[in-house]
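The values are calculated or read from the model by the stated rules, or taken from the named source; none is laboratory data. Keep in mind that this is a model prediction, so the values were computed, not measured. So basically every Cβ, Gly included, is an ideal-geometry build from the backbone, and we count neighbours across all protein chains shown.
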Amino acid sequence: MYGLTSQARRSAVSVPANIAEGYGRQNLGSYVHFLKIAQGSLKELETHFEIAARIEYIDGACLGEIVSLCDGVGKPLRGLISKLSEAD
(Lines give C-alpha, C1' and ligand atoms only; values in the text may rest on other atoms or scores of the structure.)
Protein backbone atom coordinates (compact mmCIF):
# COMPACT_ATOMS: atom_id res chain seq x y z
CA MET A 1 0.00 0.00 0.00
CA TYR A 2 2.75 2.46 0.95
CA GLY A 3 4.73 1.84 -2.25
CA LEU A 4 1.71 2.30 -4.49
CA THR A 5 0.67 5.45 -2.63
CA SER A 6 4.17 6.87 -2.88
CA GLN A 7 4.38 6.18 -6.61
CA ALA A 8 0.94 7.70 -7.22
CA ARG A 9 1.90 10.85 -5.34
CA ARG A 10 5.09 11.22 -7.35
CA SER A 11 3.20 10.77 -10.61
CA ALA A 12 0.56 13.30 -9.58
CA VAL A 13 3.16 15.91 -8.61
CA SER A 14 5.13 15.24 -11.78
CA VAL A 15 2.31 16.37 -14.08
CA PRO A 16 2.21 20.08 -13.15
CA ALA A 17 5.93 20.13 -12.35
CA ASN A 18 6.83 19.05 -15.89
CA ILE A 19 4.38 21.51 -17.42
CA ALA A 20 5.99 24.31 -15.40
CA GLU A 21 9.53 23.18 -16.16
CA GLY A 22 8.86 23.04 -19.89
CA TYR A 23 7.23 26.46 -19.88
CA GLY A 24 10.10 27.90 -17.90
CA ARG A 25 12.64 26.87 -20.50
CA GLN A 26 11.13 29.41 -22.91
CA ASN A 27 11.73 27.17 -25.90
CA LEU A 28 8.80 25.71 -27.82
CA GLY A 29 10.49 22.38 -28.52
CA SER A 30 11.42 21.92 -24.86
CA TYR A 31 7.94 22.94 -23.77
CA VAL A 32 6.31 20.31 -26.01
CA HIS A 33 8.83 17.72 -24.81
CA PHE A 34 7.97 18.39 -21.15
CA LEU A 35 4.24 18.43 -21.92
CA LYS A 36 4.64 14.93 -23.32
CA ILE A 37 6.47 13.88 -20.16
CA ALA A 38 3.58 15.32 -18.14
CA GLN A 39 1.16 13.33 -20.29
CA GLY A 40 3.15 10.18 -19.56
CA SER A 41 3.07 10.91 -15.83
CA LEU A 42 -0.69 11.34 -16.02
CA LYS A 43 -1.03 7.92 -17.65
CA GLU A 44 1.30 6.51 -15.02
CA LEU A 45 -0.97 7.93 -12.29
CA GLU A 46 -4.01 6.42 -13.95
CA THR A 47 -2.22 3.06 -14.08
CA HIS A 48 -1.43 3.21 -10.36
CA PHE A 49 -5.12 3.63 -9.65
CA GLU A 50 -6.01 0.80 -12.03
CA ILE A 51 -3.66 -1.42 -10.06
CA ALA A 52 -5.16 -0.19 -6.78
CA ALA A 53 -8.60 -1.20 -8.04
CA ARG A 54 -7.40 -4.63 -9.17
CA ILE A 55 -5.93 -5.39 -5.76
CA GLU A 56 -9.08 -3.96 -4.17
CA TYR A 57 -7.57 -0.96 -2.42
CA ILE A 58 -10.25 1.18 -4.10
CA ASP A 59 -13.62 0.28 -5.58
CA GLY A 60 -14.78 0.57 -9.16
CA ALA A 61 -16.82 3.73 -8.57
CA CYS A 62 -13.78 5.50 -7.15
CA LEU A 63 -11.68 4.32 -10.09
CA GLY A 64 -14.29 5.65 -12.52
CA GLU A 65 -14.14 9.08 -10.90
CA ILE A 66 -10.36 9.10 -11.00
CA VAL A 67 -10.23 8.06 -14.65
CA SER A 68 -12.72 10.81 -15.44
CA LEU A 69 -10.57 13.38 -13.64
CA CYS A 70 -7.46 12.16 -15.47
CA ASP A 71 -9.33 12.46 -18.77
CA GLY A 72 -10.32 15.99 -17.78
CA VAL A 73 -6.65 16.90 -17.43
CA GLY A 74 -5.43 14.79 -20.34
CA LYS A 75 -7.75 16.14 -23.01
CA PRO A 76 -6.62 19.79 -22.83
CA LEU A 77 -3.04 18.62 -22.38
CA ARG A 78 -3.27 16.61 -25.62
CA GLY A 79 -4.86 19.61 -27.34
CA LEU A 80 -2.07 21.91 -26.21
CA ILE A 81 0.57 19.44 -27.38
CA SER A 82 -1.15 19.16 -30.73
CA LYS A 83 -1.47 22.93 -31.23
CA LEU A 84 2.10 23.65 -30.18
CA SER A 85 3.44 20.81 -32.32
CA GLU A 86 1.77 22.39 -35.36
CA ALA A 87 3.51 25.69 -34.62
CA ASP A 88 6.91 24.04 -34.14
- By residue number, the members of region 11-55 that are in contact with a Phe, Trp or Tyr (Cβ under 6 Å, 6 or more places away or on another chain) and among the polar types (S, T, N, Q) are Asn18
- Note on the structure: Residue pairs within 6 Å by beta carbon, gap of at least six or interchain, first lying in region 73-87 and farther than 18 Å from Ala17 by Cα, second surrounded by 15 or more Cβ atoms within 10 Å (Cβ to Cβ), listed first then second, are Leu84/Val32; Ser85/Val32
- Elements of type helices (runs of 4 or more DSSP H) contained in the chain, each with 1 or more residues being of a type in the set (A, V, I, L, M), out of contact with any Leu (no Cβ under 8 Å at 6 or more places or on another chain) and modelled with pLDDT under 95: 2-24, 60-87
